[in-house]
Amino acid sequence: MDGVSRSGKLTVFGLFAAQVRRAPDALAVTQDGRQWTYQDLDRRVRLTAAALRAHGIRRGDRVVLLSENRHEYIEIELAAALLGAIVACQNWRLARDELRHCIQLVDPGLVVVSERFEDALAQLGLSLPVRRIETLCDDDGETAQPDPDVDPEDGLVILYTSGTTGLPKGALISHRAEIARMAILRLDMHVTREDGFVAWAPMFHMGSTDQMLAALMSGGAVHVVDGFDARTIVALMKDYPIGWMILMPGSIEPVIDILAETGIKPKSIRSVGAMADLVPTSQIARLSALANAPYFNSFGATETGLTPACGHLIPPGEVPDNLDKIQSSMCDVRLLDPDGNEVPDGEPGEVAVRGPSVFSGYWNAPDVNERDFKDGWFRMGDLFVRTPEGRFRFVDRAKYMIKSGGENIYPAEIERVLLADPRVREAVVVRRKDDRWGEVPVAFIAPVDGCEDLDADAVEAVCRISLAGYKRPKEVRFIAFEDFPRSTTGKIQRHEVERKFIG
């Protein structure tokens, strides 16, 4: 029976190694004008694995990685896949106490840090073995062979998720989940082995880690960019075929401007963009037209990958009249009320999902895992409505709701109306305490540059067409686009807006 179970094993490194055998001279990674083939990358990965092993890292051990985007980041993740180790990818934008918490949470056997963040690490006062990322791979060293006992259910990376309260949690993502996320990318977005990936988003987020591992498991190239650089990104779009060109709120407009200004035509893109609910519909149409690629109407999470609802591509140049989602491949989805019962079509319910792309729980958080994985389904904390056509309409985060006069108001519903107006560049809605109603919605809006006819009365007129009276903002404030507090993925941080401007 053991032989039967072992015959079903497949790992991230195993799939990468298959691509090395298939096309050793194919392009694997580029960065700043340098290139590495699959054969080059395989050697560097095996050298890195040997170095980690020399530091005592074995199957199941954690390696903390604190670094900007660079090709060595990929090598360390693949080396961990070879050894069966786990890479805890650190968010270098965190405050000192948060970063210390994230590192101590995983009890690492080694910390790998880049020169850029050596001082930040030293300020944490931790007593842990440290190695510089720039010196980890020794070209004169010995190479390592894969650990034959690595299992698909073994963890590969820990990515940190920050909730609205409390310290970040570490989401453990297995080989099985990463392989499934790669498969969903190909099933739903039609990405092939010829399609590369531009890794500009922080590699400590799933947006880069999932997609760069997926590319290298299936024969594509990863183009590493150290943070958002619109001109570099557009140049890569022109020169290389791209599968999913990730562009998030805050990064879309600069790319639109360059494409329009230069007339550059991307070589080939399967889909572009993300988080359509947070982007003005006119911007969706313009970006997709200039990129000649459908806009990716996505909804996923660090914990689930592209699951549960990333099956919809908005055709190039189309201004969508709704942003309903289509269920992703390879998952089951339920919408539940607070008691765990499925809700009927048309009623908001919390998304519960199961499938092979789902993560393996939060590291060292048994109480949270017991709550969030109740009955074998992962509860995401997001509210959706299922339409009669079987699509999913995003409502809001379950934990951020405005309770006004006994009515529940979901900010995202108001934001969709605001962002559909071509005069609105950015918008977010938060709650404000009110003596009469308990809470009321307040809209913060950044108008399109040069727009002079958007005032509070105009916003009220727009909202009156589509929203019930109790849902319409009771106050409108206009702020600069740059003043919206954002996460590292470009999402506006609603709680930060509330804290900063409402108090």
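The values are calculated or read from the model by the stated rules, or taken from the named source; none is laboratory data. Quantities reported herein were computed from a predicted structural model and do not represent experimental measurements. Glycine gets a Cβ as well: all are built from the backbone with ideal geometry, and neighbour counts include every protein chain shown. SASA here: full protein model, heavy atoms, side chains in, ligands and nucleic acids out. Shrake-Rupley method; radii C 1.70, N 1.55, O 1.52, S 1.80 Å.
One table, with the values for the structure above:
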{"read-out": "Accessible area of region 27-95 belonging to carbon and sulfur atoms, whole % at 1.4 Å probe", "value": "41 percent"}
{"read-out": "Cα shape, region 29-160, gyration tensor, a/c 1.5 rule", "value": "oblate"}
{"read-out": "With DNA, RNA and ligands ignored, accessible area of MET275 (1.4 Å probe; Å², nearest 10)", "value": "40 Å²"}
{"read-out": "Whole-percent carbon and sulfur share, accessible surface of region 151-289, 1.4 Å", "value": "53 percent"}
{"read-out": "Relative contact order of the chain, pairs being alpha-carbon contacts under 8 Å that are 6 or more residues apart, as %", "value": "11 percent"}
{"read-out": "For GLY450, net neighbour charge (Lys/Arg +1, Asp/Glu -1) across residues whose Cβ lies under 12 Å away", "value": "-1"}
{"read-out": "Cross-link pairs LYS267/LYS491; LYS169/LYS238; LYS265/LYS500; LYS169/LYS267; LYS325/LYS399; LYS265/LYS491 - those with Cα-Cα distance over 30 Å", "value": "LYS169/LYS238; LYS265/LYS500; LYS169/LYS267"}
{"read-out": "In degrees, nearest ten, helix 281-291 long axis to first principal axis of the chain (Cα)", "value": "40 degrees"}
{"read-out": "Angle between the chain longest axis and helix 38-54 axis [Cα atoms, degrees, rounded to 10]", "value": "80 degrees"}
{"read-out": "For ARG477, distant residues with modelled amide H under 5 Å away", "value": "ALA443, PHE444, ILE445"}
{"read-out": "Accessible area (Å², per residue) of the chain, counting only protein heavy atoms and a probe of 1.4 Å", "value": "41 Å²"}
{"read-out": "Gained length - THR161 relative to VAL368, 0.36 nm times residue gap less alpha-carbon distance", "value": "73.2 nm"}
{"read-out": "Total formal charge among the other residues, if their Cβ is under 12 angstrom from that of ASP324, Lys/Arg +1 and Asp/Glu -1", "value": "+2"}
{"read-out": "Inter-site label distance for GLN145 and GLU482 at 7 Å from Cα along Cβ, in nm", "value": "5.8 nm"}
{"read-out": "Principal-axis tilt of helix 96-105 within the chain, Cα atoms, nearest 10 degrees", "value": "50 degrees"}
{"read-out": "Anisotropy class of region 45-106 from Cα gyration tensor, a/c 1.5 cut", "value": "oblate"}
